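Notes for the one structure printed next.
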Amino acid sequence: LFSSTFAVSCQQAKRRKDAAGNQIRPGGKRAKGRISKQKEKETGGRGQSLLTQVLDKGRFLRLGGTTTLNPGKNIELRCKGASIGWSYPSYLNTYNDSRLSVKQSDKYSQLILTSPSAADTGDYSCWVILCDGSDCHKDPDQSSSSYIYFTDKDNLFVPSAFHFEIVYLRPDKPAVVPCRVTSPQAKVSLHMEVPPAEISGNGTQVKYDPTRGFVLQSPGPDHQGVFYCKAVTKGTPQISTKFQLLYVEVPSGPPFVNVEASHEFVRGGATINITCTVMGEPDVDVSFSWSYPGQGQRPVDVQDSKRLVNRGVGRTTLISQSVITVVDMETIDFGKYTCKAKNLNGETLVATNIVSG
């Protein structure tokens with residue numbers, strides 16, 4: 001466990017800001033070592049943070065890498081720029097949370113989160129958006145980020161929507177047991193439920209990051225089982241959600257696809273099913289699409305499904321399938337049926353030829 005350091009620089013007493021967040025010096029005096037506007041534009045987010053928190057009475061606080069706040073009190077963040085993008089804990093988007101609002105003005109963008117709770121703990125980032133006509137992109141040199149802890153003594157762990165989570169272990173990349181905390185000062189340990197054992201988190205293979213959880217650098221079959229985390233500050237220890245760690249031995253990459261027809265030779269008037277199957281990683285989603293001879297002219301039925309399969313010794317695979325069904329085959333229906341399977345790593349096309357016979 002390591003503690004976070006607050007990199008927060010406060011506004012000087014003689015300095016004030018206007019409503020847009022621009023710094024103004026009284027009396028119009030030139031400050032020593034002042035950076036020219038051109039130089040400031042060039043350095044962007046490298047030399048200073050674009051991200052500020054609005055405090056009481058119009059005061060502003062530049063945010064550093066980490067910030068600790070109390071839950072319950074509304075928070076307002078501002079990011080300087082005429083066109084600003086934001087990122088924040090993803091569940092706020094997933095559940096279309098009405099507590100969150102983002103507004104863009106001429107000189108800055110404003111993010112307001114009302115009644116924040118321990119669940120809102122996470123990374124809050126903003127960046128300048130540069131546009132050339134209709135082509136817009138994030139400016140990597142003008143961006144700011146702060147990991148905000150909403151510390152709650154009754155919720156040392158960031159609450160989860162699930163009471164039991166699955167973590168898939170793969171031999172080709174690290175795995176994370178996501179027991180994040182709401183206080184960087186919390187001491188956290190990892191425990192196996194059966195047989196009862198504490199897993200050391202201070203070595204090179206297992207490390208704890210309060211913004212992520214326990215990171216297993218080289219997971220293997222021996223890391224399988226039911227785990228939980230324990231956190232303590234000054235009071236009673238608290239227990240996290242339970243995690244089921246499952247080992248999978250499927251390499252990352254485009255889908256490996258198999259296509260099979262119920263009949264290779266089909267007579268007119270018959271019904272045919274063509275099944276497209278992908279075996280892959282349990283947490284990598286697969287989408288399907290079809291092209292076929294009578295497309296746009298003949299009705300077909302397409303059904304997609306997925307299921308987890310235990311392949312022994314705790315290895316788990318996700319089987320995704322798409323089945324296209326053609327009823328009452330006509331001349332136009334004979335020919336090549338192509339299935340396209342796509343995941344985050346790429347796409348694969350396979351085809352089979354349906355012949356009249």
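The values are calculated or read from the model by the stated rules, or taken from the named source; none is laboratory data. None of the values given here were measured: they were computed from a predicted structure. So basically every Cβ, Gly included, is an ideal-geometry build from the backbone, and we count neighbours across all protein chains shown. The accessibility values were calculated without ligands, DNA or RNA, using every heavy atom of the protein model including side chains. Shrake-Rupley method; radii C 1.70, N 1.55, O 1.52, S 1.80 Å.
Has segment 119-135 got any residue that is surrounded by 13 or more Cβ atoms within 10 Å (Cβ to Cβ), at pLDDT 90 or above, assigned to a helix (DSSP H, G or I) and not β-branched (V, I, T)? Among the residues of segment 119-135, at least one is surrounded by 13 or more Cβ atoms within 10 Å (Cβ to Cβ), at pLDDT 90 or above, assigned to a helix (DSSP H, G or I) and not β-branched (V, I, T), which makes the answer yes.
Picking from residues in segment 254-269 that are of a type in the set (G, A, S) and surrounded by fewer than 15 Cβ atoms within 10 Å (Cβ to Cβ), the one that is nearest to A186 (Cα to Cα) is S262. Restrict the check to segment 85-100 and report whether at least one residue is over 23 Å from the mean Cα position of the chain (by Cα) and surrounded by fewer than 15 Cβ atoms within 10 Å (Cβ to Cβ). No: zero hits.
Residues of segment 225-238 that are of a type outside the set (S, T, Y), under 25 Å from the mean Cα position of the chain (by Cα) and open to solvent by 40 Å² or more (accessible area, probe 1.4 Å): K230 alone.
Here the strands (runs of 3 or more DSSP E) wholly within segment 151-243 that include at least 1 residues being among the basic types (K, R) are 187-192, 206-209, 225-232. Evaluated against (1) in contact with a Ser or Thr (Cβ under 9 Å, 6 or more places away or on another chain); (2) in contact (Cβ under 8 Å) with a residue 40 or more places away in the chain, V102 falls short on exactly one condition, (2).
Can you find even one residue in segment 209-216 that is basic (K, R), out of contact with any Phe, Trp or Tyr (no Cβ under 6 Å at 6 or more places or on another chain) and open to solvent by less than 70 Å² (accessible area, probe 1.4 Å)? Within segment 209-216, none of the residues are basic (K, R), out of contact with any Phe, Trp or Tyr (no Cβ under 6 Å at 6 or more places or on another chain) and open to solvent by less than 70 Å² (accessible area, probe 1.4 Å).
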